[in-house]
Every structure is written in structure tokens, then in C-alpha cells.
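Quick notes on the structure that follows.
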Amino acid sequence: MSILRANLKHLYQKRSFWFIGLFFGTFAFLIIMVLIEAVTENKQGRFFAPAILMFFVGTFIATLPIDVLTKPFSYCLPGHRKIPREFLSFVGLPLSFLWSLSFLFYPDLNIVKTILACLSAFSIFTTFYWLGVWFVFRFRNWGVVFALLPLLALGNMWLNMSVFVKHIEYTIVENPLSMILLGILVNFLAWRYWGRSNLARWYCGILWIGAFDAWNIEKMSKFRLARLAERDKKKPGSFRISSGVEGFFVSRISGAETGGIGQYIWGSLYKSFGMTVSQHLQDWMRFWIVILPILCFLCYMPGGGRNFIFLMPGIMVVFINLNVRSSLLISGGRRERFWSALSLAVTTAILGTFFVTFIAVLTMPLELILPELTIKGYTAVFNALSIKLFFLPLLMIPITFAIGLVFHKKPMLAMVFVVVVFQILFFLSIFQNLKNCLVPIGSVHVIIAFVCSWAVFVAVLRYVCMKRSLVGQGK
Amino acid sequence: MINGNPIVQMRKVSKRFGKIQALDKVDLEIKRGEIIGLLGANGAGKSTLLRCIIGLYLAEEGECVTFETDAGELSPKELGRIGYVHQEGELLGWMTTKQLIRYVSAYYENWNHELEEQYIEDFDISLKDRVGSLSPGQRQKLAILLAIGFEPELLILDEPASALDPIARGQFLDLLLEIIQDENRTIIISSHILSDVEKVIDHTLIMRKGSVLRDCSFDSLREEFVRFTLTCLDGPLPTELPFENVISCQKSEGRAVMTVQNYSQEMLEAEAKALNCEIEIRPLSLEEIYKIVAS
């Protein structure tokens with residue numbers, strides 16, 4: 001078996017790629033439908049769609065050679081140095097070629113123009129494909145691909161993407177030589193870039209996060225620590241727990257009754273919030289520099305989407321470790337784990353609720369100050385957050401924690417489950433009313449929901465703490 | 001000195017992970033003051049057994065009692081008497097070494113700061129480094145410190161020396177030898193480095209596929225298996241040698257190297273005399289015994 005063939009088998013040997021295959025298969029089908037519509041109804045701008053698809057294909061396909069390159073064993077594999085280039089080309093170029101054939105059906109072109117348009121499209125599709133591949137090779141965390149999605153949405157909203165797309169499609173058809181030249185240049189550079197002899201050395205043994213590594217708790221933890229260490233090198237001592245915060249918590253742990261619940265509650269709060277509080281005290285400006293533009297963006301958005309911010313704490317806490325499952329570093333028993341986890345959950349819920357309420361209050365004066373914005377004929381008005389929804393984190397956080405406890409080995413699955421559960425609840429009448437803020441919700445509904453969500457969480461937590469294995473592979 | 005009162009009692013304890021029977025009706029008693037070597041191949045159930053003792057795993061069947069309390073209900077009072085070095089070395093990676101020591105020591109009234117300082121100096125532990133950026137060996141040294149800093153009555157060491165370099169391993173053995181001077185301290189050490197283990201243990205527990213193969217004192221195990229060289233004083237050895245329970249035999253014309261079971265030194269010497277042979281007896285190492293028992 002040739003080395004390339006052995007590598008190509010990863011496309012089906014890796015189970016996550018079955019899902020990706022299904023995902024892209026569905027999108028390819030949709031694009032074909034769009035193209036058929038474009039041909040039959042003579043619509044412009046649709047033939048460019050495969051380029052976007054090829055970009056994302058590139059981001060996923062690139063994960064396979066990187067996965068192999070980063071494993072130290074592959075460094076010494078004979079004849080493997082040029083395989084990333086061959087692999088990427090073997091997948092990307094035929095796919096781009098197949099999609100470029102769609103221009104055979106482009107309306108009102110003679111044979112020569114059609115052939116040139118196909119070549120030109122092939123150039124553009126491969127360019128987008130290589131761009132996607134480069135993007136993933138460049139950044140050590142595949143998750144940055146997600147950052148492109150809001151950018152695409154923003155681009156579409158503010159920059160009138162459809163005109164831009166039509167312009168490129170027009171250039172593919174009407175000015176194919178420039179596109180072909182661009183394609184030749186990009187493919188030449190890509191061929192050189194992914195054929196470098198030092199590529200294996202650069203990637204050997206480095207930690208990187210692939211498309212599905214968010215499932216891998218151990219790898220994610222190592223990656224975060226490696227990033228912290230890197231930041232530490234750049235700015236020594238800045239990414240550590242401050243001595244004040246440490247002193248505060250440690251004095252409370254040692255001051256509490258030995259073996260009493262208080263020690264474990266303080267310990268749990270220290271483990272979960274020590275670093276965050278230290279960072280916030282050291283550099284609180286950075287936090288607000290990130291938050292304020294997002295807040296403005298959400299509040300300028302039309303509709304009730306801005307109130308999504310009330311859902312954020314409920315979703316984000318899926319990544320908070322309740323410190324239930326850990327080896328015996330300290331002498332807490334199962335009962336202590338239960339009470340410290342419960343205290344941590346309550347504290348998180350209160351802090352989350354306080355945070356969104358504070359943000360909501362903050363938007364009220366901003367509503368009076370901030371002007372209307374008009375961009376390309378579209379007028380956006382700043383609307384304050386609806387403070388009536390302040391209690392949502394109190395309802396959501398326990399549910400999220402309960403889901404996190406059940407799916408503790410698969411945080412991404414927990415995340416998906418959290419989104420699905422809240423989506424379902426969202427469509428229930430009570431949440432529908434909340435969403436629209438049309439009908440004031442009775443406090444009875446809220447109290448019932450509050451009691452139910454916390455009862456579910458306490459039941460799950462108690463079951464996990466008292467009846468399940470607390471470390472390793474056990475259930 | 002071994003006290004008759006057991007600090008760990010397991011009765012018919014079973015634990016299963018999916019299709020794997022990690023523990024299969026294990027009966028066990030650990031007495032105060034014992035230094036136990038827990039031996040077994042990978043997947044034999046050693047770590048599961050240790051985790052059941054401290055209640056991190058709950059037995060599906062049977063009963064596990066530690067310090068006279070059901071292992072699943074151990075409170076800080078009992079757990080504060082147990083030091084545990086975890087095989088996977090789970091520590092809080094984002095703290096510095098110093099912060100982690102301060103954090104753990106805050107839970108114990110009886111934390112021995114002198115021992116801590118001595119250990120840090122002897123094992124050359126850097127206090128400023130972030131725990132997550134330590135090498136596996138450094139992490140293991142730190143984990144050992146956190147487990148012994150409060151001078152626990154029961155010290156459970158699950159592969160404590162696997163990541164240590166030879167010098168650190170030597171230091172660790174010296175430390176263990178120092179720790180075991182306390183007659184009330186019980187230590188369970190699970191390790192694949194048997195040459196180290198045999199220097200400290202007085203009891204062996206050999207496991208295979210979730211079952212306990214042997215639970216006996218190390219001395220009795222060493223007496224049970226013996227290797228000797230038999231050299232005939234006049235001519236070749238007879239074709240049939242009069243030994244039973246022979247585990248291995250390498251025979252040349254006038255010489256045989258044999259490993260046998262359940263023979264005392266006197267019995268062997270008597271047999272050698274009857275054959276008109278010279279006999280040289282040597283005890284087997286723990287590793288050799290383990291290979292025989294586990295095979």
C-alpha cells in the first residue's frame with residue numbers, strides 16, 4: 001500500500017469524519033439545488049457558493065495531516081515528508097475540479113468562454129480551499145474557524161456580501177485570465193508551502209486543538225496549560241493567582257474547622273474562582289474592552305436577540321468544574337464533595353445573575369445616550385436589555401450543571417445537550433412569553449421553574465457524589 | 001510491628017467496567033504496620049483495588065471497610081489519615097508549586113512543615129514553577145510530598161516512582177525506608193519496579209484479572225520458591241532427579257540449575273547429600289517470584 005493511500009484511509013477510518021462527510025454531503029446537495037435554481041431561473045451570484053464550501057472543506061481536511069504531523073512517531077516515518085502536500089492536493093484539487101464543472105451550465109456562454117470560466121472557477125475554488133487549509137495550519141486551535149462565522153454574518157449585514165459575491169462571479173466569467181493567473185500563483189505557493197522539508201520539524205510534538213478535540217478533556221486541559229505557560233513567558237507572573245487572592249482563600253480554608261464542610265466550600269470556591277478573580281483584579285479593563293463592543297453589537301441588533309445575553313451564563317457554566325470528580329488531593333469525602341459542589345453552583349448562579357443584571361442596568365442609560373446608526377441605508381437603534389429576564393441564569397445554571405455532571409467525560413456533548421434542552425424549553429409557552437416580553441410572567445411560574453431546576457440539579461449531584469465512581473473510568 | 005487490628009477489610013468485593021471484571025470477589029485484610037507490595041500486570045485491578053479502599057470507586061458487590069468505616073462513607077476524619085499518590089498524578093496545573101503546597105497543607109492541622117522543607121530541598125523542587133509546566137518526574141515528586149506532608153497512617157502509593165529518574169528513585173526509596181520506621185504506619189505500594197519494592201515490603205499481594213493470586217508475607221513467599229545449583233561430585237547427574245514441584249530445570253552433564261517450590265533448605269541439602277552432590281542455594285528476587293506466580 002502506498003503511503004498516500006494509507007493516509008487517505010484516514011478519511012473513513014476517523015469516525016468524526018463520517019459526521020463531517022454527512023455534513024458536507026448535505027451542504028453539497030443544497031448547493032446543487034441552488035445551482036439548479038440559478039441555471040433554470042438565470043440568477044447571478046449563486047455559482048460562487050462552492051468556493052465557500054471549499055474553504056470549510058479545507059479547514060476540515062487540513063486537520064488530518066496536522067494530526068499525523070504533530071505525532072512524534074511520524075517525524076521518522078520514511079517517505080512521509082511530502083505526504084501532507086500530496087494528501088491535501090489529492091483531496092482538494094479533484095473536488096475543486098468537480099465543482100468548477102458547474103460553470104458548464106452557466107447561462108449564455110459560448111464554448112471557449114465556458115471552458116475559460118471552468119478553469120477560472122477551478123482557480124478560485126482551489127484558492128479558497130488552500131486558504132482554509134492555511135488557516136488551520138496557521139492557528140493552533142481549530143476553534144478559530146468558528147470566529148469566522150460571525151464575521152461572515154457581519155460581512156453579509158454591513159458590507160452587502162451578495163454584491164461582492166456577484167462581482168467575483170462576474171470576474172470569474174468575464175475576466176477569467178486574471179483568475180487563472182491568481183489560481184496558478186496560489187497553487188504554486190501552496191505546493192511549495194506544504195512541501196517544505198522543515199514542515200515536519202515545525203509541527204512535530206506541538207499541542208494543537210483539532211475540530212473534535214473539544215471532546216478530549218485531557219488534551220484541552222494540556223492545551224490550556226501550554227497556552228498559559230506561553231503567556232507567562234511573554235508576561236512573567238501575570239497569569240497567576242495573585243498573592244492577595246491566595247491569602248484570602250487559604251486563610252479561610254485553614255481558619256475553618258478541620259474536616260468541617262467550610263474548608264471544602266472555601267477550597268472549591270478557590271479552585272474555581274481564584275484564577276478568574278486574580279486576572280480580573282490585575283486587568284479588569286481588558287474584560288470590559290471585550291464585553292462592551294459585544295454588548296453594543298447585541299443591543300443594536302433588531303428584534304429580541306440582544307436578550308440572548310441572559311442565556312449566556314446558563315450555557316457557559318457547562319465548562320465549570322464542580323470538583324466532584326478528582327483524585328484524593330485533599331481529604332474531602334463524598335458528603336463534602338456534595339456540599340462544596342452545591343455551594344459552588346449556588347455561588348456561580350448568584351454571580352451569573354448579578355452579572356447579567358448589572359449589564360442590563362448598564363444598558364439603560366446607554367439607551368438614552370447612544371445614537372441611531374445608519375449604514376448603507378440600514379438604521380440600527382440601541383435598545384436596552386429587558387431587565388425582567390434577570391432570573392433566567394438562576395433557572396438555567398442548575399440545569400446546565402446537571403447536564404455537565406451527566407456528560408462529564410464529553411464536555412462538547414454536554415454543550416450540545418445544553419443547547420438542545422434550552423431550545424426545547426425556549427419553545428415552551430413560558431419561555432416563549434419571556435422571549436417576547438409581551439406577557440408579564442407570573443412569579444408563580446418562575447418559582448415553580450426555579451424549584452424544579454434546582455431540585456433536578458441537587459438530585460443529580462447527590463446521585464453522582466454518593467453513588468458513582470469519582471475518578472477514572474468508573475461509572 | 002504489625003498490629004492485629006485490620007485497617008482495611010474487603011469481603012467479596014467486585015467491580016466491573018463494562019465487560020471488564022476489574023475486581024472479582026476480592027477478600028483482603030490489611031493490618032496496621034504492614035508494608036504491602038501490590039503486584040500485577042497492567043489491567044490486573046491494582047488501581048481499582050486501591051481506589052475502592054479510599055472510596056473513589058464503590059464496590060458493586062461485597063463490602064469494603066477502611067478505618068472501620070464503609071469506604072463509600074469515609075469522612076475527612078478518616079480520609080485525613082490517608083495519603084494517596086495517584087497513578088495519573090492529577091494536580092492543579094494552574095497553581096504554582098508553592099501555591100499548591102499551601103493550598104493542600106491548609107486542610108491539615110498536623111502538616112509537617114519541617115518535613116516539607118526537607119523534602120523540597122532533598123528532591124530539588126522548584127516552588128515558583130507552574131505545576132502544569134513541571135516534568136512528569138517533578139510532578140510525581142510533588143504528588144509524593146502532598147501525600148506524606150501530613151504524615152498519614154495509611155499511605156497508598158499507586159505507581160509512585162514510574163516517572164522518577166534513577167537518582168530520585170533512590171532518594172524516594174530512602175524516604176520510604178525512613179517513613180516505615182514509624183511502626184503504626186501502613187503502606188501499600190503498587191509498582192512495576194519490583195527491585196525497588198522488594199527492599200521495603202514485608203507483605204505481598206499479587207493480582208491477576210481482578211483476583212488476588214497471593215496474599216502472604218514476603219518472607220513466606222521467598223521461602224516458598226528457591227533456586228539452587230546442583231553439582232555432582234563424581235561424574236554425571238542421574239537422568240531422573242528426585243525433586244517434586246519443579247518449576248524450571250536447566251541440566252548439563254554434571255550440573256543442574258533448578259527452581260522448585262515448597263522445599264526447605266534442610267530438605268534440599270539432604271537430597272543433595274543423597275545424590276553425592278554439592279548444592280548452592282540462593283533465594284529468588286521478587287521479580288523472579290512474581291514471574292513464576294503470575295505465569
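The values are calculated or read from the model by the stated rules, or taken from the named source; none is laboratory data. What you see is a predicted model, and the numbers here were worked out from it, not measured in a lab. For neighbour counting, all protein chains shown are included, and Cβ atoms are generated from backbone atoms with ideal geometry for every residue, glycine included. To get the accessible areas, we keep the full protein, side chains included, count just its heavy atoms, and leave off ligands, DNA and RNA. Shrake-Rupley method; radii C 1.70, N 1.55, O 1.52, S 1.80 Å.
Would you mind getting me the FRET efficiency between residue A:164 and residue B:165? Use the beta-carbon distance for r and R0 = 60 Å, nearest 0.05.
After rounding, the FRET efficiency stands at 0.50.
For the stretch A:240-390, what % of the accessible area comes from carbon and sulfur atoms, probe 1.4 Å? Write out the running numbers ahead of the final one.
On the way: 5190 of 7180 Å².
Carbon with sulfur: 72 percent of the solvent-accessible area.
Counting heavy atoms of the protein chains only and a 1.4 Å probe, report the per residue accessible area for the stretch B:213-255 as a whole number of Å².
So the stretch B:213-255 comes to 62 Å² accessible per residue, rounded to a whole number.
For the protein assembly as shown, give the share of DSSP beta bridges that are antiparallel, in percent and rounded to the nearest 5; count only bridges with both residues there.
So the antiparallel bridges amount to about 70 percent of the total.
In Å² (nearest 100), what accessible area is buried between B and A, both sides summed, heavy protein atoms only, 1.4 Å probe?
Buried area between the two chains comes out at roughly 3400 Å².
If the limit is 30 Å between Cα atoms, which of A:409/B:15; A:14/B:141; A:271/B:12 go over it?
Where the Cα-Cα span goes over 30 Å, the pairs concerned are A:14/B:141; A:271/B:12.
Please report the orientation-averaged projected area of the stretch B:1-53, defined via the convex hull of its C-alpha atoms, in nm².
3.9 nm²
Counting only heavy atoms of protein chains, what accessible area per residue, in Å², does chain A have with a probe of 1.4 Å?
Working: 24770 Å² over 475 residues.
Roughly 52 Å² per residue, with all protein chains present.
For q values of 0.07, 0.16 Å⁻¹, compute log₁₀ I(q)/I(0) with the Debye formula on a Cα-only model of chain B, without solvent.
Values, matching the q order: -0.34, -1.24.
Other chains' Cβ within 10 Å of B:140-150 residues: what's the mean? Before the final figure, lay out each step's value.
Values: counts 0, 0, 0, 2, 0, 0, 3, 2, 0, 0, 1.
Taking the mean over all residues of the peptide, I get 1.
Arrange the residues A:410, A:113, A:467 by how much accessible surface each exposes, largest first, with a 1.4 angstrom probe.
Sorted by accessible area, descending: A:467, A:410, A:113.
Angle between the Cα long axis of helix A:16-41 and the longest principal axis of chain A, 0 to 90 degrees, nearest 10?
With both axes taken from Cα atoms, the answer is about 50 degrees.
Under a Cβ-Cβ cut-off of 14 Å, what is the net charge of the residues other than residue B:295 that fall near it, where Lys and Arg count +1 and Asp and Glu count -1?
+2
I'm a student and want to see the number: the projected area of the Cα convex hull of the stretch A:105-209, averaged over all directions, in nm².
With every direction weighted equally, the projected area is 8.4 nm².
Please check which bits of the stretch B:212-243 a label hung off residue B:280 would reach, taking the label as a point 7 Å along Cα-to-C-beta and the cut-off as backbone N under 15 Å.
The answer is B:227-233, whose backbone nitrogens lie closer than 15 Å to the label point.
Leaving ligands, DNA and RNA out of it, report the carbon-plus-sulfur percent of the accessible area of the stretch B:7-148 at a 1.4 Å probe.
That fraction is 43 percent.
Enter the Cα centre distance for the pair the stretch B:183-198 and the stretch A:334-408, rounded to the nearest angstrom.
Here the two parts' Cα centres lie 52 Å apart.
Suppose we keep just the alpha-carbon trace of the protein assembly as shown; what are its Rg and Dmax in angstrom?
33.7, 115
For the stretch B:223-294, place one equal point scatterer on every Cα, skip the solvent, and apply the Debye formula. What is log10 of I(q)/I(0) at q = 0.22, 0.23 Å⁻¹?
-0.94, -1.02
Could you give the angle, 0 to 90 degrees to the nearest 10, between helix A:144-158's Cα long axis and the longest principal axis of the Cα atoms of chain A?
70 degrees
Mind pulling the angle between the C-alpha long axis of helix A:284-300 and the longest principal axis of chain A? Nearest 10 degrees, somewhere in 0 to 90.
The two axes meet at around 60 degrees.
Run the helix sum for chain A: -39,500 (n - 2.57) per DSSP H stretch of 4+ residues, divided by residue count, reported at 222 nm to the nearest 500 deg cm²/dmol.
Helices in chain A give a 222 nm mean residue ellipticity of -23000 deg cm²/dmol.
Please give the solvent-accessible surface of residue A:206 in Å², to the nearest 10, using a probe radius of 1.4 Å with every protein chain present.
So the heavy atoms of residue A:206 present about 60 Å² to solvent.
Considering only protein heavy atoms, what is the solvent-accessible area of residue A:280 at a probe of 1.4 Å, reported in Å² to the nearest 10?
70 Å²
At a 1.4 Å probe radius, which order do A:149, A:269 fall into by accessible area, largest first?
A:149, A:269
Rounded to whole Hz and in sequence order, give me ³J(HN,Hα) for the stretch A:196-203 from the Karplus expression 6.51 cos²θ - 1.76 cosθ + 1.60, θ = phi - 60°, writing x for Gly and Pro.
For the stretch A:196-203, the Karplus curve yields 5, 6, 8, 4, 5, 5, 5, 9 Hz.
For an R0 of 22 angstrom, estimate the FRET efficiency from the Cβ-Cβ distance between residue B:255 and residue B:195 and round to the nearest 0.05.
Working from the Cβ atoms, E equals 0.20.
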